[in-house]
Amino acid sequence: MTSNTTLSVVFEDPYRERIPRISGTKYEFTLSYSELPDTRSNNQSLTRSTDSTITYPVAEHSELHRLKHLSAQAAAANQRKYETPVGGLDEIRIEIEIDEIAVELFGFVRQATNTQLTSLSCPDSIAKALLLHDIWDFNSIPKLINHLHSHPAVAELVGCEDTITKSKLYQANKRLKSNSERRYIHAAATRIVHAFWRNGYPLPDQIRSGHELTVEPLIRETHIDAATRRSAVFNWIANILPPLTDHISFDRAANTSYTITDIVGSLAQAALIDGVYAAEDMAGWHYNDDDLIGGRHLTDLLSDLTIRSINNTFRDVHREFISIASELGFFSTGYDYAADTTWVNWDGDNMPELIDNPMRCETESGWCFAAVTCMNSDARFAFGINMVTDKSKIVDHYEGFLTQIARNHPINGVYMDREFTSGKAVKMCHSLTDEWVIRAKTTKGPIKTHTEEASVGEPVGPKQIDFADVTPRPKLYLHPLEEGHRDSIEGTHMKFLVSKSFEEADRDYIYQTYQNRWNIETFFRQLKHDFSPTTKTPSSESRVFLFNVGALFYNIHTLINRAPSPRYGLRLDIPYYMVLQAIVEFSFTRAGPFGR
C-alpha cells in the first residue's frame, strides 16, 4: 500500500502560447506523489511548501531530462485541451502540424537560449531539416528525405523542397559534427519536443519513445534516476548552505586563503573518510590542494575562539536553519522536544573541560555534550549541541535551547531522561509548556513509596505528589512493564514525573510519546558515526566545533529527506553520505555533478 500526497507547482513557459489551442505563459497544477510505506524517512506529511516555479527555457537542455517527472504530470494535466485523436488522416494532419510548429519554435529557441544556433556552418534550410530529423528520432538521413517528400508543404516551409538531396544532408551533417555544432540542433529538438509534451500536445508514439517520454505521471521516488537524484541534492546544498555558513567566522588573519565554504567542505570530506588528517590527502585527488584545509590548520583557525564563542556562533547558524525550515512549511504547528546528553570518552591528560562520570564513560572521564532535538518523525531537527563543563548546569543548557525555540515556535511537550529527575528540571518544564514528561529515578520520598506499593502489572496514576517543593506539584505515573522488560533499575514499573495536565486516560499516550524520545539517541549515534569529522586532538574547542558542524550536516540531511527539493520538487530518501558528497562538491566546484 502506498500513500499519495500533493505539491503545487507553477510552470512559466513561453513556449506555451506558440502551441495551438492553449494560451498564456504561466499555469499551475498539483503534483501527485506516491510514497512507499517502508521509506526510511518515515514522512508523515509531504505537503511542504518549496520554491516550485519552473521557468523555461532552462539553461542547459540536459536539465529537461531531470524535470521529466514534473513534465509528465504537466502533460497529463494539459491533455484535456486536445480532443483530436491520433490516427488515420488525423495522424497525418498532426504530423504536418508538429513540423510546422517545430520550424516556428526553432526561431524562438535561437533567440531564447543564447546558443550558437545563429551561426551554424550550414544553410538555414539544412539546419531546419536536421531539426526535424532529431524531433522524429529518425535513424537515417533517407528516412528524413522520405518524410519531407511525403509532406511537400513541410519541405517548402523548411526551404528545401527543390534542393534536398541525400548527399547535401550527409555532407552538412558531417561538417556540423566535426565543428561540434550538430549538438546545438539536437538540443533545440529536445527543447521543442519537451515543450509539446509538457503542454499536453498529442505526440505520436515514435516521438514519445524516441525521446523517452514514457514516464508514469504518478511520481515515485524509487523511479527517479540516480543522475536526477544527485542533481536534486546538489540544488539543495546550493540553496541552503551559503546562508548558513554566512554566520560562521574565524580570526583568519593568517588564513585568508580559505573561505568559510572551503573549510566546511573540507570538514564534510573529513566526515566521509577517516577524519580531518586524512581528508586533505583524499580530497586532493579530486580538487585543488590549495582549497583544502587539513588537520594541521584546524587548531590554528580555532586558536582565538572559546567554547562560548563557538556555541554562540552555531546558535546563530541553527537559528538561520530553523528560519529556512519554517519558510518551507515546518514549525507551523507545535512539536515535541527531547533533551539529553551524550559523552565522548577521553583517556589522555586531564583537562578542565572533562567531567568524571564512571557510570556512563568507559574511561571514567570525558566530554559531555547537551542537545535538544525535535521528536516528531517529519521534523527530526537538532537545535545545536553544547559542551557541558559543569554537571549542575546541564539543565541550564536545555533551558537555553528550549527558550530560544519558544520565542518563535509553540512547544507541545518536553521529554527528558531519568538523569534529570530534579526540581530544577521540573521548574524549567513548567515554565515552557503544560505538557512534559521526565522519566524518573527511584529515589527516597514519594516516588519510592508509590513504587513499593504498586501492584505488579497494574498502572499507578498519574497522581499528584510533593516533589522538591515545586509548585504546581507534578504528577507521578507508574507504567507496568512486562516481565521480559524488567531489570534491577526499573523494577516492575517505568516511572514518570509528568505535568499536572495528564489524567488516567493519558497513560498510553504518556508511554508511547516518551518512546519517541529515542529520536535524540538516533541523533547522537549519527552525529558521532556519520556526520562529525573524527579527530584525536585534545583541543576541546576543536571538539565543540566539529560536533556543531556535524549537527549542521545532520540537520541538512534531515531537511532534504523531509521537504520537496528546490527546482525539481522531488521527494528524496537519501543516505547521509550523499549529502556530505554534495557539500564537498559544492564547496570545491560550485558546479555540481553535471558541470552546470
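The values are calculated or read from the model by the stated rules, or taken from the named source; none is laboratory data. Please read all numbers here as calculations on a predicted model, not as lab measurements. Neighbour counts run over all protein chains shown; Cβ positions are idealised from the backbone, glycine included.
Here is how the numbers come out for the structure above:
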{"item": "Matching option when the condition is touching a strand residue (DSSP E or B) at 6+ places or on another chain (Cβ under 9 Å), surrounded by fewer than 24 Cβ atoms within 10 Å (Cβ to Cβ) and at negative phi, among TYR568, TYR576, TYR511", "result": "TYR511"}
{"item": "Residue in region 38-53 that is over 15 Å from PRO202 (Cβ atoms) and modelled with pLDDT of 75 or more present", "result": "yes"}
{"item": "Residue within region 327-344 that is part of a helix (DSSP H, G or I) and either buried (at least 18 other Cβ atoms within 10 Å of the Cβ) or at pLDDT below 70 (or both) present", "result": "no"}
{"item": "ALA153 touching a residue at least 12 places away in the same chain (Cβ under 8 Å), under 25 Å from PRO20 (Cα atoms) and crowded, with 16+ Cβ neighbours inside 10 Å", "result": "no"}
{"item": "Selected residue (only one of ILE192, ILE207, ILE240 is under 30 Å from VAL317 (Cβ atoms), modelled with pLDDT of 90 or more, out of contact with any Lys or Arg (no Cβ under 9 Å at 6 or more places or on another chain) and assigned to a helix (DSSP H, G or I))", "result": "ILE240"}
{"item": "Flag if GLU585 is closer than 27 Å to ARG418 by Cα, in contact (Cβ under 8 Å) with a residue 24 or more places away in the chain and surrounded by fewer than 24 Cβ atoms within 10 Å (Cβ to Cβ)", "result": "no"}
{"item": "Complete set of residues in region 210-237 that are under 17 Å from SER62 (Cα atoms), of a type outside the set (Val, Ile, Thr) and in a helix (DSSP H, G or I)", "result": "GLY210, ALA226, ALA227, ARG229, ARG230, SER231, ALA232, PHE234, ASN235"}
{"item": "Extreme residue, nearest to the chain's Cα centre (by Cα), among residues of region 111-137 that are without any contact (Cβ under 8 Å) to a residue 60 or more places away in the chain and under 26 Å from PRO202 (Cβ atoms)", "result": "ASP134"}
{"item": "Hits in region 314-351 (condition: among the small types (Gly, Ala, Ser) and touching a Gly at 6+ places or on another chain (Cβ under 9 Å))", "result": "GLY334"}
{"item": "Residue check, TYR554 among the aromatic types (Phe, Trp, Tyr) and at pLDDT 95 or above", "result": "yes"}
{"item": "Set SER539, SER532: member being of a type in the set (S, T, N, Q), touching a residue at least 40 places away in the same chain (Cβ under 8 Å), over 30 Å from THR55 (Cβ atoms) and crowded, with 24+ Cβ neighbours inside 10 Å", "result": "SER532"}
{"item": "Every residue from region 430-477 that is among the hydrophobic types (A, V, I, L, M, F, W, C), closer than 9 Å to LEU497 by Cα and assigned to a strand (DSSP E or B)", "result": "TRP436, VAL437, ILE438, LEU476"}
{"item": "One residue from GLU419, GLU399 being over 19 Å from ASP506 (Cα atoms) and surrounded by fewer than 19 Cβ atoms within 10 Å (Cβ to Cβ)", "result": "GLU419"}
